[in-house]
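Below is one structure, written out as structure tokens; comments come after it.
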Amino acid sequence: MKNTILKGFILNALLLCLFFSETRGQVPLPAAPQKGNILLKGATAHIGNGEVITNSLISIVAGKLALVTDATTAKIDENSFKEILDITGQHVYPGLILPNSTLGLEEISAVRATRDHSETGSLNPNVRSLIAYNTDSHIIPTLRYTGVLLVQTCPQGGLVSGTSSVMKLDGWNWEDAAYKIDDAVHVRWPRKMYGPRWWLGETKNRENKNYKENIAELDELFKAAQAYAVSEKAAVNLKLEALRGLFSGKKKIHLHANKRSEIIESIQWAKKIGIPHIVLVGGADAYYTIDFLKEQNIPILLDMVHRLPSRSDEDVDLPYRLPGILHKAGLLVGLTYDKIVSSRNLPFFAGTVAAHGLDPEEALSLITANTAKILGIEERTGTLTTGKDANIVVCDGDLLDMRSNIVQYAFIEGRKLNLEGKQQRLYQRFKQKYSEGAE
């Protein structure tokens, strides 16, 4: 009996060792702190605000951009740099920013146990995505090697989903990864109509009979939050405390709405209750509300560029042209994609926009400078500007082009990242397997 138990113990121990030896290092270790000054020279620098420097000098000192200039006119003492990267012929970009994502909260969409982005109930402003963010996610490396370095990780579900935070795609834990904590509260405006349930044989849209009831729930919560925000003696209420910053302007409200009437009504509602900073998220029907959005000065995070038209009478390429149309109309536009499966394609969404009428440098701003401004982090990142954090991507070719998006280096706050991911390891593994087999 004792021998059986001992054998079982040894077997389990061996299995654990094998498991950890296989899984160890699957997610690259966080980057080491920057230890010396770094100089990048010779590349074409895409600043992110429309400016391009064809032969650039970029220096990184203590995690910040200390110099971004034209190498043809500037002189610099290279002896003061610990590392010099000659990247002549390559391209340098600001690190891309992905808003409205469940990255770090969701691993496999089809497996419930790996989804931690929703809580029960419909009114959860106190839910914070920050503390649930998983820095060991296997999906994180797949975004870094296409140029995405920052993400706004957001809760989902209900009418008030919770509070998002902006995270770095590098760090041992959520404390290390936090970039801007509790930046916005997310309200998912109730839909007036639902599509037909084809599995029940329905062919027509159906009305949301709870629409007015849903609005009444929001009214009750936010009226209580208004009173709580000006009260000095109220007992602590976690839900109302989470909404306090909306009325002072410390936090933004992100209104998730797609249909024309829902876009207009949600923004009018937020204005009426006195919220100064409003962002529209989704905006499939933004084309039909351009004048209203301009009048109200509402920035928009446009979701899912790669989609079919939302109406049967729309041009088939309208979703591709829509960001450019809104940008040229004077709106502040950023791009997002709330499905985790396609979020690493963020640069290619901007590439699609560039191929459908928008200047490539302006298209780049939709995933760098504009998004940084919408999220309230433009003082720290979004452009290659002296004094900002050294969030940098170095690419062999055009970052917005799927064929030439080959990222060679990436830095977050001056720390050089390990760009290896699961796909690269699998490629090398099976390349070796079939190369050996061919011999």
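Result for the chain in a Gaussian network model with C-alpha springs under 10 Å: among ILE406, ILE263, ILE215, the largest mean-square fluctuation is at ILE215. Taken about its Cα centre, segment 161-240 carries a charge dipole of roughly 560 debye when the Cβ of each Lys and Arg holds +1 and the Cβ of each Asp and Glu holds -1.
Each of VAL61, SER231, TYR434 was placed along the dipole of the chain (beta-carbon charges, centred on the mean Cα), and the one lying farthest toward the positive end is SER231. Solvent-accessible surface of the chain, averaged per residue with a 1.4 angstrom probe and all protein chains in place: 50 square angstrom. Taking a Cβ cut-off of under 13 Å around THR114, the surrounding Lys, Arg, Asp and Glu residues balance to a net charge of -2, with basic ones at +1 and acidic ones at -1. From the alpha carbon centroid of segment 34-61 to that of segment 316-375 is 23 Å.
Only beta bridges with both residues in segment 302-439 are counted; by DSSP, about 75 percent of them are antiparallel. Accessible surface ranking for SER118, SER165, 1.4 angstrom probe, highest first: SER118, SER165. Ranking THR289, HIS254, PHE349 by Cα position along the charge dipole of the chain, where only Lys, Arg, Asp and Glu carry charges on their C-beta atoms, puts HIS254 farthest toward the positive end. Amide H to amide H distances under 5 Å link GLU106 with ASP116, where only residues 5 or more positions off or on other chains count and H is placed in the peptide plane. Protection proxy ranking for 352-359, 81-88, using the average of other Cβ atoms within 10 Å per residue and placing the highest first: 352-359, 81-88. Each Lys and Arg adds +1 at its Cβ and each Asp and Glu adds -1 at its Cβ; summed about the Cα centre, the chain shows a dipole of about 1140 debye. Mind sorting out which of [x] 37, 31, 24; [y] 38, 25, 19; [z] 34, 25, 21 is the real semi-axes √(5λ) of the Cα gyration tensor in Å computed from the coordinates? Among [x] 37, 31, 24; [y] 38, 25, 19; [z] 34, 25, 21, the one calculated here is [x].
Cut-off 10 angstrom, C-alpha nodes, Gaussian network model of the chain. Which of GLY147, GLY324, GLY121 fluctuates the most? Between GLY147, GLY324, GLY121, it is GLY121 that shows the largest mean-square fluctuation. Rounded to the nearest 500, the helix-only mean residue ellipticity at 222 nm of the chain stands at -9000 deg cm²/dmol, with each DSSP H run of n ≥ 4 adding -39,500 (n - 2.57). Within the shell defined by Cβ-Cβ distances under 13 Å, the residues around PRO309 carry a net charge of -2, with Lys and Arg each +1 and Asp and Glu each -1. When a 1.4 Å probe is rolled over the protein heavy atoms, the share of accessible surface on the chain that falls to carbon and sulfur comes to 53 percent. With the Cα gyration tensor of segment 295-439 giving a ≥ b ≥ c as the square roots of its eigenvalues, does the rule (a/c under 1.5 for rounded; else a/b larger than b/c for prolate; else oblate) give rounded, prolate or oblate? Here segment 295-439 falls in the oblate category.
Note on the chain: GNM, Cα springs under 10 Å; of ARG197, ARG144, ARG260, the largest mean-square fluctuation is that of ARG197.
Measuring between alpha carbons in the structure, the pairs from LYS41/LYS373; LYS41/LYS168; LYS212/LYS252; LYS64/LYS250; LYS180/LYS233; LYS168/LYS272 lying more than 31 angstrom apart are LYS168/LYS272.
The values are calculated or read from the model by the stated rules, or taken from the named source; none is laboratory data. Model, not experiment: these values are computed from the prediction. Glycine also receives a Cβ, built like all others from the backbone with ideal geometry; neighbour counts cover every protein chain displayed. Only protein heavy atoms, including side chains, enter the accessible area calculation; ligands, DNA and RNA are left aside. Shrake-Rupley method; radii C 1.70, N 1.55, O 1.52, S 1.80 Å.
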